Amino acid sequence: MSSTASSTVDSAFGAALYAESDTALDTGASLLAADPESDAELARRGREFVATAWQRGWQPADVARIVRRELDDVHVRLAVALIRAQAPYDGPRGPRWQAQLDDLTAEADAAGTAGPSGSTGSVAAPPGTDRFSHATTVLELYRLLLRLPSLESLDEPTHRPGPASGRGTESRMLTRIRALLAKAEATGFPEEAEALSAKAQELMARHSIDEALLAARAPSPSAPGACRIGVEAPYEQAKAVLLDAVATANHCRAVWNEPLGFSTVVGFEADLEAVELLHTSLLVQATAAMTKAEAAQRAGGRKRTKTFRQSFLAAYAHRIGTRLAAAAETQVTDDPLPVLASREVAVTDRTDDLFPQTTTSRLRGVSDAAGWTEGAQAADRAQVGTRPRLP
């Protein structure tokens, strides 16, 4: 690394990373664009930003999620390249961490955007992209990474007890299903939304999520773990309520971080996997049912789509919570009660350690009677699966 390259990067950072204006970004990008020798140092600094995010409690999926939420696809691709480049320096982080890296790799490979440099994490402009535009993208990403707040540390054992076969396949499947759901909710065309939802349901059936739930082994006697699950706009409050209901029914606790768009779920490993699977399954079913009900409402001349959807999902989450709570009670016999009680105490203690201060909130914007009725009926029709009894 030359002193000139380091000086260029320092000057660009000083101009762009600590200011909000486009003028400041333009100044920094111009400095980087004029000095190709600064690319290697720029990439090294990017990996440092990623490593700092890990120190602040962020994980690979968290960083990809916040970049996708705040910036554009080109920033996501760059972030994934830097995350993958930093991975060899991180050491073992545990099965969930590795599954997140595998997911990001699978997404990048499927899109043909594994990054311009493989393991080196180069941030040089790809062929056909002018250096100034690309430098602007890099600085926008780095500015976001620099400002990430500290999160609760979700450190996990580097070796998960018991068999873990199929974890990578299930995780990639969940990523594909969630991506289809996101597209279904983003489109303004009901026919396209229905087709995307149907595809998600097809994937759900193909990978036999309900069978995976039934085959989930009893949790190990180790300490509870935790994972973060994205709760994305729109209608994120209703989605957070749904996730909370699924978590509670599976002996877990969910804490919603509204500003950053995720919930942290605390519980034993098999329960966490069941929450991820069942929550995704219910979102698939809710989206498909909502799309069909909304189409019928539009055919009748109604146009209040937003209030209808908000009320639909709120009712769906409320009713699913009632159903899951009732189902959980019927599956508990006297024999496992002491085991469940001791585990719930452990989960509560871990949650309190991670989140010593929490608040509760009430659902807002529920004002459409037809949406509420349709959502409750859809929840009654939803397949919620069952959990195996503890031995």
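For segment 1-16, a residue qualifies if it is open to solvent by 30 Å² or more (accessible area, probe 1.4 Å) and touching a residue at least 40 places away in the same chain (Cβ under 8 Å), and exactly one does: MET1. Only one of the listed residues (ASP35, ASP62, ASP73) is under 20 Å from the mean Cα position of the chain (by Cα) and either at pLDDT 95 or above or crowded, with 18+ Cβ neighbours inside 10 Å (or both). That residue is ASP62.
Name the pairs whose Cβ atoms lie under 7 Å apart, with the first residue in segment 270-282 and closer than 21 Å to GLY375 by Cα, the second among the aromatic types (Phe, Trp, Tyr) and part of a helix (DSSP H, G or I), and 6 or more positions between them or separate chains? Within 7 Å, no pair qualifies.
Annotation note: Cβ proximity below 8 Å between a residue of segment 310-322 that is touching a residue at least 40 places away in the same chain (Cβ under 8 Å) and a residue that is acidic (Asp, Glu) (sequence gap 6+ or interchain) occurs for GLN310/ASP368; SER311/ASP368; PHE312/GLU294; PHE312/ASP368; PHE312/GLU374; ALA315/GLU374; ARG319/ASP380; GLY321/ASP244. The conditions of being crowded, with 17+ Cβ neighbours inside 10 Å, over 19 Å from ASP130 (Cβ atoms) and without any contact (Cβ under 8 Å) to a residue 40 or more places away in the chain are not met by ALA19. For segment 111-137, the candidate set comprises residues that are open to solvent by 40 Å² or more (accessible area, probe 1.4 Å) and modelled with pLDDT of 70 or more; within that set, the residue that is nearest to ALA61 (Cα to Cα) is PRO126. Taking the numbered list (1) modelled with pLDDT under 85; (2) of a type outside the set (D, E, K, R); (3) under 30 Å from LEU148 (Cα atoms); (4) open to solvent by 30 Å² or more (accessible area, probe 1.4 Å) in turn, THR248 passes all entries but (1).
Residues are listed down the side, and each one gets a yes or a no for (1) hydrophobic (A, V, I, L, M, F, W, C); (2) in contact with a Leu (Cβ under 8 Å, 6 or more places away or on another chain); (3) modelled with pLDDT under 70; (4) not in a loop (DSSP other than H, G, I, E, B):
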residue	(1), (2), (3), (4)
LEU145	yes, no, no, yes
LEU148	yes, no, no, no
PRO157	no, no, yes, no
LEU174	yes, yes, yes, yes
LEU180	yes, yes, no, yes
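Considering only residues in segment 76-91 that are surrounded by fewer than 18 Cβ atoms within 10 Å (Cβ to Cβ) and touching a residue at least 12 places away in the same chain (Cβ under 8 Å), the one that is nearest to the chain's Cα centre (by Cα) turns out to be ASP90.
The values are calculated or read from the model by the stated rules, or taken from the named source; none is laboratory data. Here the structure is a predicted model, which is why all the values come from computation and not from measurement. Because the Cβ atoms are built from the backbone with ideal geometry, glycine has one as well, and the counts that use them run over all protein chains shown. We work out accessible area using only protein heavy atoms, side chains counted, and drop any ligands, DNA or RNA first. Shrake-Rupley method; radii C 1.70, N 1.55, O 1.52, S 1.80 Å.
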